[in-house]
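Participant: Next up is a structure, given as structure tokens.
Nothing in this text is a laboratory measurement; each read-out follows from the coordinates by a stated rule. Just so we're clear, the structure is a prediction, and the values are computed from it rather than from any experiment. Backbone-built Cβ (ideal geometry, glycine too); neighbour counts: all protein chains shown.
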Amino acid sequence: MEKIAEYTSIKKAKEDSHAHRIPRPCGITVHPGLGCPNNCLYCYLIDFGLKFREPKPYKLNGFEVCLSLLYNKWFVPGKMGTFIAIGSVCEPLHPIFYEKTIDYLKSFAKYLENPMQFSTKMFLNTDQVHEIVEAVNQQPLNPLITIITIKNAKKLEPNAPSPDERFETISNMRDAGLKPVLFLRPIIPGVTDEEFEQILERASNAGAVGVVAGSLRISRKILERLKKAHIDLHPIKKRITKIKEKQIYLKATDLKEEALKIAREFKLIPFRSACCANAFNASVPCANVCWTTKFCTNCPNNCKQKQIHITTEKINQIVKRVLNIQSFSLTTHNDNIEIAIPKDAIKNLKIKPRGVSTLLKTLLRKKIKITYIKS
Ligand code: SF4
Ligand code: SF4
């Protein structure tokens, strides 16, 4: 790509945060825009200083963002590579960002071929859905459609399209051959759990293939906004010991499990995390190796059967190349790899342990544990 890139694009791509960030468990987040006019009361963006009223498309075009990702030493290109999560600090299919997101999808499909996903609350008509299908050009896409309440949507998501329109988006996607997944996140205790049955049944009838259930992030500001909208805060407050300025995940495993149980009744594939839905849609082993954790719901993707078979010698070579040091020892056992690094070698380690384990996890599809030993 560098050979066909202009100097200014190379400079922009190298300096951009997409070239440096360590991927999150669900993949590398890619931003077609910053900010969001939907103004959802539970949104965590405002705590990060991003303004709802000043959304801006991102400065890089699709080609440049691909280049930027390829400069990122933690990013693995290709179908078996790092999962790409589009959005996260914006609504990627809002009219302000729509063209940019289509450009990103086209470029990812053309230059990278990594499994990709977005989450959206937008209404997408059949023409728009076909535009998305053409953009991804048969590369894997995991479309997540967020619906967390029907009754309280106007209050909680004042500028977003109605849940009825979002159910229609699901139908349009399914008719176009995609496998849309309901994004039941964030589950707001006292709100979402009151409507589990209705939301899941309607999603299933609309053509969703599965559901990802997820918790709410809470901070003092988010609670204040919910209170102003007359949302009953008791079911939330009884799950937290102290309200903080900083965002924390609300403990809601019981609610997630309840939602997933109901989902099964409506023939929806239950997922405990978005990376699993992405793996399912791409038909590759989960890049976060979730089948070795309690996050696995034993979905039809059957990651265990799709594992990479690789010799210890090859693993050793890959680890050596990633760490760029000679002195380490390696223990492999089933899906686990333990790497012991002598403490005095750490200073030669120019890379961060979190990045190393994320990168190796993606490359090898094994659980990675790094320990430090006396030299
Ligand atoms: S649509 Fe998403 S990004 Fe936009 S305000 Fe709502 S939660 Fe935040
Ligand atoms: S088999 Fe388990 S780990 Fe793999 S995608 Fe399905 S739920 Fe996730």
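Participant: Can you give me the relative contact order of segment 312-373 as a percent, contacts being Cα pairs under 8 Å and 6 or more apart?
Facilitator: Worked out over segment 312-373, it gives 37 percent.
Participant: Picking from Q317, H333, L360, whose Cα lies most toward the positive end of the charge dipole for segment 312-373 (charges on Cβ: Lys, Arg +1; Asp, Glu -1)?
Facilitator: Projecting each Cα onto the dipole axis, the largest value belongs to L360.
Participant: Set the bar at 20 Å for Cα to Cα. Now go through K228/K251; K73/K179; K314/K369; K154/K228 and name every pair that lies beyond it.
Facilitator: Exceeds cut-off: K228/K251; K73/K179.
Participant: At a threshold of 8 angstrom on Cα-Cα distance, excluding pairs fewer than six apart, so keeping six or more, what relative contact order does the chain reach in percent?
Facilitator: Details: 723 pairs, mean separation 54.7, N = 375.
Relative contact order comes out at 15 percent.
Participant: Write down the percent of antiparallel bridges among all DSSP beta bridges whose residues are both part of the chain, to the nearest 5.
Facilitator: Roughly 25 percent of the DSSP beta bridges within the chain come out antiparallel.
Participant: Have a look at L182, L255, I199 and report the one farthest towards the positive end of the charge dipole of the chain, computed about the Cα centre with Cβ charges (Lys/Arg +1, Asp/Glu -1).
Facilitator: L255
Participant: What number do you get for segment 50-198 when its Cα radius of gyration is normalised by 2.2 N^0.38 Å, N = residues?
Facilitator: Against the empirical 2.2 N^0.38 Å value, I get 1.08 for segment 50-198.
Participant: Kindly provide the pair-distance distribution of segment 312-373 built from C-alpha pairs, with 5 Å bins from 0 and whole-percent values in order of increasing distance.
Facilitator: 4, 19, 36, 28, 12, 2, 0
Participant: May I ask you to work out the translational diffusion coefficient for segment 80-135 at 4 °C, viscosity 1.567 mPa s, via Stokes-Einstein with Rh from the Kirkwood sum over Cα pairs, reported in whole µm²/s?
Facilitator: 111
Participant: Still on this model: Given points 7 Å out from each Cα along the Cα-Cβ axis, report the E15 to T311 separation in nanometres with one decimal.
Facilitator: Label at E15, label at T311, 4.7 nm between them.
Participant: For segment 263-375, place one equal point scatterer on every Cα, skip the solvent, and apply the Debye formula. What is log10 of I(q)/I(0) at q = 0.19, 0.24 Å⁻¹?
Facilitator: For segment 263-375, the Cα-only Debye profile gives -0.95, -1.31.
Participant: Here's a follow-up. Where does the longest stretch of the chain lie that holds no GluC sites (Glu not before Pro) found in a DSSP loop with 15 or fewer other Cβ atoms within 10 Å?
Facilitator: Values: sites that count: E6, E245.
With a cap of 15 other Cβ atoms within 10 Å, the longest stretch comes to 7-244.
Participant: Per the Kirkwood treatment, what hydrodynamic radius in Å, one decimal, follows for segment 137-191 from the mean inverse distance over all distinct Cα pairs? Numbers along the way, then the final one.
Facilitator: On the way: mean 1/r = 0.0814 Å⁻¹.
Result for segment 137-191, one decimal place: 12.3 Å.
Participant: Mind telling me which of N38, N301, N316 comes out most flexible in a GNM of the chain, alpha-carbon contacts under 10 Å?
Facilitator: Largest GNM mean-square fluctuation: N316.
Participant: So what does the Cα-only Debye profile of segment 128-267 read at q = 0.10 Å⁻¹, as log10 I(q)/I(0), no solvent term?
Facilitator: Evaluating at q = 0.10 Å⁻¹ gives log10 I(q)/I(0) of -0.37.
Participant: On to the next question. Label segment 1-87 by shape, choosing from rounded, prolate and oblate, from the square roots a ≥ b ≥ c of the eigenvalues of the Cα gyration tensor; if a/c is under 1.5 it is rounded, and otherwise prolate applies when a/b is larger than b/c, oblate when it is not.
Facilitator: Cα axes put segment 1-87 in the oblate bin.
Participant: I would also like to ask the following. Compute and list, largest first, the equivalent-ellipsoid semi-axes of the chain from the alpha carbon gyration tensor, each √(5λ) rounded to a whole angstrom. Display every interim value, and only then the final one.
Facilitator: Details: eigenvalues 231, 121, 94 Å².
Over the Cα atoms of the chain, the ellipsoid semi-axes are 34, 25, 22 Å.
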